[in-house]
Structure formats: structure tokens, C-alpha cells
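Notes to accompany the following structure.
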Amino acid sequence: MKELPKAYEPQKYEDSIYKRWEDSGFFNPDNCEKAGFTDVAKGNFSMVLPPPNVTGTLHIGHASMLAIEDLVTRYKRMQGFKTLWLPGTDHAAIATQTKVEKLLIEKGIKDPKNELGRDKFLAEVEKFAQESHDTIINQCKKMGSSMDWSREAYTLDDKRNLAVRTVFKKMYEDGLIYRGYRLVNWCPRCKSTLADDEVEHKEQIAKLYTFKYSKDFPISIATTRPETKLGDTAVAVNPADKRFAKYIGQEFLIINFGGGADLKIKIIGEESVDLNFGTGAVGVTPAHSAADYEMAQRNNLPIIKIIDENGEMTKEAGEKYLAMSTKTARAEVVEWLKKNDLLEKEEDVSNNLSICYRCGYAIEPLPSKQWFIDVNKDFILPNSSIDGIKSGDRVTLKKLMQQVVNNKQIEIIPDRFEKTYFHWINNLRDWCISRQIWYGHRIPVWYCHGLDKGVCLPGCEKPIVSIDMPTKCPNCGSTDLIQDPDTLDTWFSAGLWSFSTLGWPKQTKDLADFHPTNLLETGYDILFFWVARMILMTTYTLGQVPFKKVYLHGLVRDEKGKKMSKSLGNVINPLDTIAQFGADATRLSLLLGNAPGNDLKLSEEKVEGFRNFTNKLWNISRFMLLNIPEPKIDINTPEPKTLFDKWILQQLNDTLNQVNASLDGYHFSGAGEHLRIFTWDLLADWYLEIAKIEGHKGEILNYILNTILKLWHPFMPFITEQIWAEVYGEQKMLIVEKWPKLEGNTFVEERVFDDTRLVRDIIAGIRNLRAENKIEPIKKLDAVIGAGAKLNLIKENFESIKALARLESLEIFEKAKKSPTAAGFVEGTIEVFIELSGAIDLDKEKERLQKEFESLTKFINGIENKLANEEFVKNAPAVVVEKERQKLQEAQIKLDKIESQL
RNA sequence: GGGUGAUUAGCUCAGUUGGUUAGAGCGUCUCGUUUACACCGAGAAGGCCAAAGGUUCGAAUCCUUUAUCACCCACCA
């Protein structure tokens, strides 16, 4: 007989358990296969880890992701799938570089990039990234993540770099990647472009100025950014606007606007102009507003760049403004307008400020020469495994992205996010992929005699796009080649993640075995950033989907529903909760009590609650082991001897069924809830108590213990593995045990459920009477039961009722009479009387019965009305009607008995 | 402006295709006898399922409208 320590102390076991798992090699699917733990019929299951950014440490959101993904991985592995969960980290270009810059500035280096230079600066970033990486890996292990570390990847390592260069070249040759001068989102602090979805919006109060360019200009306009008006080339009005339509087509010259440049303003008609907002006319600044840029394209307007990459005014704005900050320039322009009596109104409005998602600095839209991916251009897809698109068909990237979700080759869970996805794709514009930062994949493009430096021969202006560094210019033979200084958007390499991690561009066995991956599990906040980009890149490169299913989880918030942030001081660090309550409790708190795709509110109390549960499971196991003479690891479903044996085995089977269904349907919380109810409410509170009385349950307890440890393992890998080791020795590992098999339908007997319910209700009823009459627990009571048709049932469970209800004596008759000093209650068709002798308070007793009488009468009236309704009887399924009749009959019997007691 | 989600016990949330007298955890109140567990056990209180309409024999569940909150998207200058 094995005895466990009294309380479970996670800190004592977790690290050594993880080490045992790692040493076993079972995180690697090849080893599982070799050891015979996989089932060929099940096939393979693969999932990549959404690579955490190497910008620091893991937060609770990562912990939530790891908990879900490890749950899925362990479930699949135990089911016999050859299961791969592939880990890695993301270099997170801008984010990491920004972070390191900040750190260096804190260390006293004022302008890190300029002072250190590219190589030294990058060395600093790499050092930081390496440290972050190590921390992150350690944290993943603390959570219990069963990832195959032998396959670990990094978005910026050599293998991934080769994949990036290969895809870039292919896209360039297909004409999908082009270099163009266009309006981009520019962050003057990061000194780099941003993709459209990397721009965030923050509501703010701004001043709206209404003014005229000059005294004789016929139309007033309004703006929140007067300084940009120095770059205006048009005024747009709605063609339907009677006030202004007559001016459309006219041109005005404004000399020395704002004391700076001369403006040539053309009046154009644009239907998008709102007649009722502002003055009903828009000053058009093509170079510094996305909307205006598009108007300029449509109307052939000149584009004058008046703000540069530093966020300073250019000389195009006029000599006076050269190198002035936009803020100062704004004040200058306003001052000038006032002085010239052109300012008509100044008011507060709320508008959206565009800010950089990495550093929060205000975005400056400006025209710039950058690399783009064209999402609307068609190309030939040579090898297609996509339903509805044949190999050799002409498609666009947009079409591919729509098609694979439309045809359900990729299923998004919860499906409401499909709508969001389509909406995004429909509005998708060309993706700007070049970044002016240093940390990242250098663009595999070289220029003869350097970029924009001039051309030695006709043809030498053409960029040289190559996977490997070219030695000379193919046009003129010069060896003076200079690589494009820019790097790629971090999402470019992240987009290749599902297949670059499996060895592509080599045709590896992993690629054949594990691609497309089965599941992508990630947060809904990176649906566009990453999920959509992966779909784009993978369908383009391989003609395959990157994954068959996408499960999107919600964000972890604090107990009030606020986003966790350092400044609010409401951050819960997973490492802290692991240290305090254990990794299993931390995992449970992130898995349970939450619906798919919904945000989750977390508090320390919640984790503590689950710590209590882990300890409960430990003690349940401890008790069971005390009652299992010789625990066996392989044990078949035992033969039930008593009613409650049957009941608990049925309940267990039922639970297994529900757990399977919930997990297969991605209802992780539901699965855990079913398990918790079985473990605590049914097993611990009832069956174990009854087992103490009935005795000799070794085999059944053994079977139940094995089964619940297996079922709980994906949720709580540490404690379950530890108990397993305590019982069966460390060389036997739960991680590769077979998932329990479901018994057939013959295993279900309706009667068992009803009968046990009745016995439990009788016990609970007596306990209730005892509490209501304030009888000391130490005092044993005398009871009489009128069991009616259930005589045998009550007799069978005589000892259990007696012990659990704490009775001195129990008499069972078919019909029983109530003594005047007894309290009674009715359970189904059974009457129970408790002798209270002197202790009885007759008034209270009467009141209690009266109350029950009333509520029961109400209940009966309800059913009677229902049954009297012809429509109900006619239309409802027979089973439902029959059920109502039965309920009515039982209630009436009960009512009679209560009445007689009264 | 468009979209999505939430609204169920004091708090946090379940409630899977409409059919129970609507559930759980935490918290609250009473009480602690028992060969696992006080990180526990027993008992109890607590809900017009946001509001109003509609569909149906039957609605927390389906439809419409509204309200409040949160988030996402969008070129309101």
C-alpha cells in the first residue's frame, strides 16, 4: 500500500518532473513513434508555437497560449497521434530594436545607432535577443510545455533567412514584389515605415481651425493640421454642393502662404466630401494624408512633400519653415492666419490620432520609395492543393486568402472571426514590407554602384534580386555592388513560419509529414498581423494552406476587465503564480471559466482556488491509494458489485464522453468543468464516502484513479505525472499513456441514475433536517422510512444511509406512520421521518411543511395548465409530454404525503 | 460611420442543435461528529436570465428594436 504525503507541494516536484520528460525524449514525435506509443491509424498531428517576441519576458497572455496548446498537444499525444508541437521565437524587428535603443539610452548612450554604428549596435541587439530567448525558453518549461526542443527555430536564423530570401526572389520574379514611390505610414521616432495594420488610432481632442488661404479665395476650409496646408494642391468639394460646384475646375494661386511657399490650388469634385462637416470643403494635401493622396491620384494633382523623415518641414514649405518641427510650424501658420485676418474659427473637436503600435509616437504619412507586395496582381499558381483553384490557374494573393477560408479548407474558430477576416481582406491594400531599421532580414537586393547613386550603363538601374550575394553586376560587370540597406517587416518571415520551421526550401521529411499543420492556436489580436500573412505566404509559396484550423483565444485581463499593464500595476506574472500556487493551478486558472474567443478575467484568488483543487486531487488519490491493495497500471473496466459502483462507472464513462466531445470541439473550459464535477462532486463527495462503508473497492478505485489521472493530465501535467510516478514508479510515464477508451451504450442504465439520486437525496434531506433543527452533529438520530415501491433499494443501501446521515437506528417499511414528535419530508415517493423527541419545534416544522406545500402546489398547477393545453399535447414530442405526465404524478403523490403530515 | 462581443446569484462565469422548479466557483450565513483533504466537510440563503416587442404548444436559448459596456475596422478634413 502506497501512502502519499498529506499535501501537494508543487515546488518540490515540478522542475524534476520536467527534466524527466525532457530526458525521456517523448516531446519528440519520432521518439514516441520508435517507442511504439503512436498509433499509425491516427496519423500525425502538428502545431507550431506562435513564436514569442524576444523583447523580454513572457506575460500571462503567453502563459494562456502555452496552457491551451500544451493541453491540445498532450491530448493528441495520448490519443496516439504522432504529435509535433514545434517551438521557436520571433526576432520582432522594430519592437526589439526599439527596446534595445531604450535600454542603451538609459545606460547613458544618447544616440545609440549613430554612436555605435550598424555592426556594434546589431551586436547589442543580438546579445539582448539571446538573453530574452533564454528567459522565454525557461518560462515555457516552467509552464510544462511539451514542445520538441530539438526542432526549435528562430525567425532570424540561417535556415529561416534562406526561406525568406527564396520567397522574396520568387515573388519578385512573379511581379508581386515591386519598389515604388508611394504614400506610406512613417514613424519619425522609429525612423521607419509601418504597414497599415501597424498603425493604431487614439482618440484625442484637437483644435479645428477654419480659415481661407487668402482674402480672395472663395471657399473656407477646416483643418486640425494647419502646417500641412503648406503642401496643399487642391480643395475638394462635393459636386452636389450648390454653394461650391461652380468653382470645380478653377485654379487659384496663393502667393507666399503662411509666409512660406506659393500654393497652386485647384478646385476638384469628390463625392466623398461631406457637405455638413466643417465648411463642406476639404483642403487636399496629397503628400501627407492617405485620403488626399488617393484624390491626388484620381485628379492628377502634384504631390508636394513638405515634411521629411525626421518629422521636420522641408524647403518645399518655404525657406522660413525649413527644418522646423511640425509643432512649431503649426503655431507659425496659425499666427500668420490670425495676423492676416484669415482665421475664421477655432474649436475643439475629437479626432483619431494615428500612432505607431510599437512606440506610440504620432505617425506622419509621407511619400517614400519602398518595397511593396501587390495583393491584387495576378500570377500563375503552379502547384495548387487549394479547392477551387487548379494548378496553373491565374490568381491574386487576395483571391487565395479569400478562397481557402471560403472553401473551409481553413476553419476559423470561433467562426465569428471569419467575418472580421473577410472584411480586412476586402479592404487590404498593397503591403509595404521594407523597414528602415537594422535588426531584421536584410532585403536580398543589390544595386550596381549603389542605391540611387547614378547609373553607369543603361540597364544598371535595375535592382539585382538574388538569393545569394551576387559578385558582379549582370549588366555591366562591375563589382561595386551595394545591398539595399533596408530590412523586411518582421511579419514577412513570420508569415513563412508554418513551413520554414519544417525545413523549406528543402523538401524535408518533416515538411511531408507535418505540413499543412493541423491547428494554429493564437490570440485574436494577431489575426491580421500574423494569421492572414501566414495564409498569404503559404498559399503563395506552397499552394497549400498553412493549417487546417485556427483557434483564436481571447486576451487575459485583470479582475476588473482592464488590460494588464505595467503603468496600471495590475500585471499578474505567471512565474509568480507558478511559484506561489504551482504551474498546474496557473494553467487551470487560464483554461477554465472562459468561453472560446472571449477575454478572460484573472485574479490571484482564481489561481488560489485552483491550487486548492490540485491539492484536493492529490488527497483523493492519497485516499484511493490507501484502499487499493496492489495498484495496477493496466486494468480493465471492473465488474460493478453495488448500485453505487454501477453509478460511478457510468458517470466516469459519461464524463469521458463529454470530455472527448468538448476537447474535440475546442471547448477546453467545458471539458475541465465536466472533469471537475466528476472528481469533486461525484467521486470525492459521494462515491468515496460510500466506498468507506461498502469497502473492498480496490479494483474499481484503481480503475477510476488511472482514468482520472489520464483525463486530467493535459490540464495538470505535473501533479498527475507525479502521482503516477508515486504509484507506478518514475520509469512509467503518464505523458505517453493511452487515452481512456469509451465503453459502449450498453453501459448506461437510466435506473441507476434515478436510484442513486434518491438515496443521495434522502441522506441530504436528513442532514438538512438536522441542521434546521439545530441538532448537534454528535447526536445520532432515529429514522423511519416509508419506502413504498423502493423498499429493496433502501434496504440495499441501509448501511450507507445510516452512516452518512448519522443515524442511530433506521427502520424501513413499505408504509410508515409519523410519530407526533417526528419531523418528516418527502423525497419522490418516499417518506422519511426523523424522531426529534424533545428537540422538535412544532410551529417551525409546520411552517416548513406549509412552505413546501405551497411551492409544490404552484409547480403542479403549472404542469396541469401545460397538459390542459391541447396545442402542447398535440405538438410537443411524445417523450416530452410523457415526462410532464410523470412529473405531475410524482408531484401529486408527494403533495398528498405532505398534506397528511401537516 | 460600419462591425463584433458582452449583459444570467454580491463577484467571476457555464448554460453545445429551443423541452429542469436556470447551474458552478468564489464570497456570505449556520454548524463541524467521520481511517484522504481545514488548500477540508455538512447545511443554507441568494436570480422577473439588461429592456420591450415578436415567432412557437413551449424562449436565458431563435428574430426585431432599444439601452449600457468593451473591443475591432474606417480617409470625417
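The values are calculated or read from the model by the stated rules, or taken from the named source; none is laboratory data. The model shown is predicted, which means the values in this text are computed figures rather than measured ones. Heads up, the Cβs are rebuilt from the backbone with ideal geometry, glycines too, and the neighbour counts pull from every protein chain shown.
If you take just the helices (runs of 4 or more DSSP H) that sit entirely in the range A:74-182, which of them hold at least 2 residues that are more than 26 Å from the chain's Cα centre (by Cα) and modelled with pLDDT under 95?
A:93-106, A:112-142
Being more than 23 Å from the chain's Cα centre (by Cα) and assigned to a helix (DSSP H, G or I) narrows it down to one of A:L663, A:L656, so name that one. Outline the logic, then answer.
Values: A:L663 fails: more than 23 Å from the chain's Cα centre (by Cα).
So the residue among A:L663, A:L656 that is more than 23 Å from the chain's Cα centre (by Cα) and assigned to a helix (DSSP H, G or I) is A:L656.
Please pick out the residue among A:L856, A:L888 that is within 13 Å of RNA strand B (Cβ to nearest atom), touching a residue at least 12 places away in the same chain (Cβ under 8 Å), assigned to a helix (DSSP H, G or I) and over 30 Å from A:K774 (Cα atoms).
Selected residue: A:L888, the only one of A:L856, A:L888 that is within 13 Å of RNA strand B (Cβ to nearest atom), touching a residue at least 12 places away in the same chain (Cβ under 8 Å), assigned to a helix (DSSP H, G or I) and over 30 Å from A:K774 (Cα atoms).
If you check A:W618, A:W686, A:W647, which single one turns out to be within 16 Å of A:N706 (Cα to Cα), touching a helix residue (DSSP H, G or I) at 6+ places or on another chain (Cβ under 8 Å), of a type in the set (F, W, Y) and more than 7 Å from RNA strand B (Cβ to nearest atom)?
A:W618
Give just the number: which of (1) exposed (fewer than 14 other Cβ atoms within 10 Å of the Cβ); (2) under 29 Å from A:L520 (Cα atoms) does A:K462 not satisfy?
Only one criterion is unmet by A:K462, namely (2).
With the structure loaded, tell me whether A:N570 is out of contact with any Gly (no Cβ under 9 Å at 6 or more places or on another chain) and in a loop (DSSP other than H, G, I, E, B) or whether it fails that test.
So A:N570 passes the test.
If I go through the range A:204-244 residue by residue, how many of them are in contact with a Gly (Cβ under 6 Å, 6 or more places away or on another chain), more than 10 Å from RNA strand B (Cβ to nearest atom) and either closer than 15 Å to A:L342 by Cβ or among the acidic types (D, E) (or both)?
Counting residues in the range A:204-244 that are in contact with a Gly (Cβ under 6 Å, 6 or more places away or on another chain), more than 10 Å from RNA strand B (Cβ to nearest atom) and either closer than 15 Å to A:L342 by Cβ or among the acidic types (D, E) (or both) gives 1.
Take the residues in the range A:279-295 that are surrounded by fewer than 23 Cβ atoms within 10 Å (Cβ to Cβ) and under 42 Å from the mean Cα position of the chain (by Cα); name whichever of them is nearest to RNA strand B (Cβ to nearest atom).
Only one residue fits best here, namely A:A291.
Working only within the range A:180-198, note down all residues that are aliphatic (A, V, I, L, M) and within 20 Å of A:M295 (Cβ to Cβ).
Within the range A:180-198, A:L183, A:V184 meet the criteria.
Please verify whether A:G56 is surrounded by fewer than 18 Cβ atoms within 10 Å (Cβ to Cβ) and in contact with a Ser or Thr (Cβ under 8 Å, 6 or more places away or on another chain), treating the condition exactly as stated. Reasoning before the result, please.
Values: surrounded by fewer than 18 Cβ atoms within 10 Å (Cβ to Cβ): yes; in contact with a Ser or Thr (Cβ under 8 Å, 6 or more places away or on another chain): yes.
Considered against the rule, which asks whether it is surrounded by fewer than 18 Cβ atoms within 10 Å (Cβ to Cβ) and in contact with a Ser or Thr (Cβ under 8 Å, 6 or more places away or on another chain), A:G56 comes out as yes.
Could you check, for the range A:655-669, whether at least one of its residues is within 12 Å of RNA strand B (Cβ to nearest atom), free of Cβ contacts under 8 Å to residues at least 40 places away in the same chain, under 30 Å from A:A805 (Cα atoms) and not basic (K, R)?
No, that holds for no residue.
For A:Y361, only one of the following conditions fails: (1) more than 41 Å from the chain's Cα centre (by Cα); (2) away from RNA strand B (no atom under 14 Å from the Cβ); (3) of a type in the set (S, T, Y). What is its number?
If we test A:Y361 against (1) more than 41 Å from the chain's Cα centre (by Cα); (2) away from RNA strand B (no atom under 14 Å from the Cβ); (3) of a type in the set (S, T, Y), just (1) comes out false.
Please work out if A:E845 is away from RNA strand B (no atom under 11 Å from the Cβ), within 27 Å of A:E811 (Cβ to Cβ) and not hydroxyl-bearing (S, T, Y).
yes
Considering every residue within the range A:627-644, establish whether at least one is over 26 Å from A:E726 (Cα atoms) and within 8 Å of RNA strand B (Cβ to nearest atom).
Scanning the range A:627-644, I find no residue that is over 26 Å from A:E726 (Cα atoms) and within 8 Å of RNA strand B (Cβ to nearest atom), so the answer is no.
Of the residues that make up the range A:893-902, is at least one of a type outside the set (A, V, I, L, M) and not in a helix (DSSP H, G or I)?
No, there is no match, as no residue in the range A:893-902 is of a type outside the set (A, V, I, L, M) and not in a helix (DSSP H, G or I).
So which residues in the range A:22-37 are within 30 Å of A:I628 (Cα to Cα) and buried (at least 20 other Cβ atoms within 10 Å of the Cβ)?
A:F26, A:F37, listed by residue number.
Could you list, in sequence order, the residues of the range A:590-615 that are more than 6 Å from RNA strand B (Cβ to nearest atom) and farther than 21 Å from A:W712 by Cα?
Residues of the range A:590-615 more than 6 Å from RNA strand B (Cβ to nearest atom): A:590-592, A:596-597, A:599-600, A:602-604, A:606-608, A:610, A:613-614.
Correct list: A:G597, A:D599, A:L600, A:L602, A:S603, A:E604.
Which condition does A:D378 not pass, out of (1) farther than 18 Å from A:I177 by Cβ; (2) under 36 Å from the mean Cα position of the chain (by Cα); (3) charged (D, E, K, R), if it passes all the others?
(1)
What number of residues in the range A:347-386 are more than 27 Å from A:R429 (Cα to Cα) and either in contact with a helix residue (DSSP H, G or I) (Cβ under 8 Å, 6 or more places away or on another chain) or in a loop (DSSP other than H, G, I, E, B) (or both)?
0
Six or more apart or on different chains, Cβ under 8 Å: which pairs go from a residue in the range A:419-436 that's under 21 Å from A:P485 (Cα atoms) and in a strand (DSSP E or B) to one that's away from RNA strand B (no atom under 12 Å from the Cβ) and among the basic types (K, R)? Could you list them?
Listed by first residue and then by second, the contacts come to A:C432/A:R182.
In the range A:808-826, what count of residues is obtained for those that are more than 11 Å from RNA strand B (Cβ to nearest atom) and under 58 Å from the mean Cα position of the chain (by Cα)?
Residues meeting the conditions: 6.
When the residues of the range A:769-789 are filtered to those that are of a type in the set (K, R) and near RNA strand B (Cβ under 8 Å from one of its atoms), which remaining residue is farthest from A:L836 (Cα to Cα)?
The selected residue is A:K774.
Please list, ordered by first then second residue, the pairs with beta carbon atoms under 6 Å, 6 or more apart or interchain, first in the range A:1-19 and closer than 15 Å to A:T586 by Cα and more than 14 Å from RNA strand B (Cβ to nearest atom), second at pLDDT 95 or above and not hydroxyl-bearing (S, T, Y).
What qualifies is A:E14/A:A583; A:E14/A:F718.
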